[in-house]
Each structure stands twice: as C-alpha cells, then as structure tokens.
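This report concerns only the one structure given below.
Read the figures in this text as sums done on the coordinates, not as results from a lab. Keep in mind that what you see is a predicted model, and the values were worked out from it rather than measured. Don't worry about glycine lacking a Cβ; one is built from the backbone with ideal geometry, like all the others, and counts go over all protein chains shown.
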Amino acid sequence: MQELSQKQQTRLNKLQKRLRREVGSAIDDYKMIEEGDVVMVCLSGGKDSYTLLDILLNLQHRAPVNFQLVAVNLDQKQPGFPEDILPNYLKTLGVTYHILEKDTYSIVKEKIPEGKTTCSLCSRLRRGTLYGFAQKIGATKIALGHHRDDIIETLFLNMFYGGKLKAMPPKLLSDDGANMVIRPMAYCREKDISEYADLKAFPIIPCNLCGSQENLKRKMVKEMLNDWDKQFPGRIETIFTALQNTAPSQLVDRNQFDFVSLERDPNAEFTGSVAEADLPAFDFLDVENSGHIQLDKRQEEARIDVVNVYQP
C-alpha cells in the first residue's frame, strides 16, 4: 500500500468506518449473512469488488456470527487481461480464492455487433458460470459489489428504456431457488467507494470489453444523476429512501394491487380523511403568488357555504 500523509490516513479511517457501518447495517437489515454461511465474493478487479472484499474481511473478525469468505474471479479471456494481478493480491490477504477461466469474450464478440452494448450478454454468461461454481464449492451466498448508485441507475434505466419500475434488490433468490445473491454495499455511495479504493491503492484491472463504449445508456443515466447530486444535494439519498417506501395502492400496477375489487363501504362513518392520504410533501403556498391554496392548519373545521344549486 502507498505511503499516506496524515490527512490522507485520517480520511481513509473516516471512509473505512462509514463503509463498515453501512455494510453492517445492510447485512443486518436484510439478514444477508448468517451463522455458518460460506460467502462467495465475486471479484472482478474493479474498485467495487475490491472494496467489498476488504470490508467483509474486516467485518468477519467483528461479526457476531461465524462465516467463511471465498474470493472468486472469472477470467473471461479478454485480450491483454493481466492474469497475475489478482492471484498476487489475494495471496497477500491470505484469503481462499479461485480463478476460473472461460472464454466468454469470444462469445460476446461473436454475438454482439460492433458498437452495440455488450454488458447484457456478458453479465448473463458471467452470472451463469459463477452460479454454477457456487454450487460446486458449497457457497450459501454470492456477494456482488453493487452499491447504492448502481441500484438507482438501474431504477431509471428500467423506467426510461424498459417500461418497468424495478431496480436491484439487496438480496435476491435466483429463479431456480438454488442461489442467494446479496449486495452488502447497497447503502454505500459510489463516490465513497472510489475515494476509498484510491487511498487503499487497490490494483485495479480495467474492463477492456465494454470500457470503450462511450454511449452506453447507463453512462447517460449516471451523468444525469451526478448532475442532480451537484445541483440538489441529498436528492440521491431521497430517491433511495423512496425505494424503501413503496406504496402499491398509489401506483397503477394491477398485478401489485387489487384495484378491481375496491369498493366503498356505504356504512362507513365519514372522518374527514381523503383517499390520497399520502399527498406530496411540499408546503402549500399563497394562492395569489403561486396558485396554491394556503391552508390554515389551526382551523378545526372548514365551513362550506352552498351559494347556488341547479337541479334540472
């Protein structure tokens, strides 16, 4: 590790505490890791997976439950992939690790036209290989390095281009029920992870397969969110909080809420409540200046005068 100045070391310590706290909270909130678990940490060589392994190794010594960590990297046979970097790094940690080899690169290049997005097919092939290997080594959980920004970006990608309101869950059971995927960094911000990885001087391995695709939809969404983050501090946190506070009855998905069977109760006593109980959380402004009605919250009863009635 590089020699750090006092200021850098202080910053590293602060980031480390924050990331440990956020990862620990996510693990606890979603019951990601339990007694006796064998957690397979998928290591790509990028900042996210390095940070994930680093934080989990630290928490392993402090956790109230005993669990094993196994680091796994899939060498997809990309041209120029530095095969020695990850094994050399993992040996210094003393962690059990496996390096798998499968030429998914050739498959992706063969199937995807030049200039088109390769991420979807690449990740699908990678996921299938890793899921199968998890079964082989008896892993009970598969840990991925996705963070809060990944989750929010996926939300907007699905909204803008897929017509779906979904993101990445912190904990996911595979379709066949055989594998449990966890995302312990679901509460962590990417900017914290990036700074942490720089200070720790992780031996980052760039992805040559998709790194040159400048017009990826995810990149455009990321830029949009980064602009929002600069202009409106706290907006990213609010969006993530919204994902934790969904209200199916306030949306329009008939599969998630039974609108068809809704019926009013003719015997119900009127209490003054309205149907849309969860109104937008903004203050009503003066009608003369903004067109919004000023509500007097101190007024106990609102008097309604009938000024005209027409009945044909």
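Table for the structure above
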read-out	value
Greater than 24 Å apart at Cα, pairs in LYS91/LYS136; LYS166/LYS217; LYS17/LYS166; LYS111/LYS171	LYS17/LYS166; LYS111/LYS171
Burial order of peptide ranges 21-27, 195-201 (average beta-carbon count within 10 Å, highest first)	21-27, 195-201
Sites ASN255 and GLN68 - FRET efficiency at Förster radius 51 Å, r taken between beta-carbons, to 0.05	0.85
Which of THR271, THR246, THR51 has the fewest Cβ neighbours within 10 Å, and the rest in rising order	THR271, THR246, THR51
Ranked by how many other beta carbons lie within 10 Å on average, peptides 131-141, 181-191, 258-268 from highest	181-191, 131-141, 258-268
Reciprocal of mean inverse Cα separation for the range 24-174 (Kirkwood radius, Å)	17.0
Extended-chain gain in nm, criterion 0.36 nm per residue less alpha-carbon gap, SER174 and ASN58	39.0 nm
Order of LEU173, LEU4 - criterion: other Cβ atoms within 10 Å of each residue's Cβ, fewest first	LEU173, LEU4
Calculated FRET efficiency for the pair ARG264/LEU93, C-beta based, R₀ 51 Å, to 0.05	0.20
Order of MET180, MET220 - criterion: other Cβ atoms within 10 Å of each residue's Cβ, fewest first	MET220, MET180
Computed FRET value (nearest 0.05) for LYS111 with ASP84, which takes r as the C-beta separation and R₀ as 30 Å	0.55
Full-extension gain in nm, THR271 to ILE204, via 0.36 nm per residue minus C-alpha separation	18.0 nm
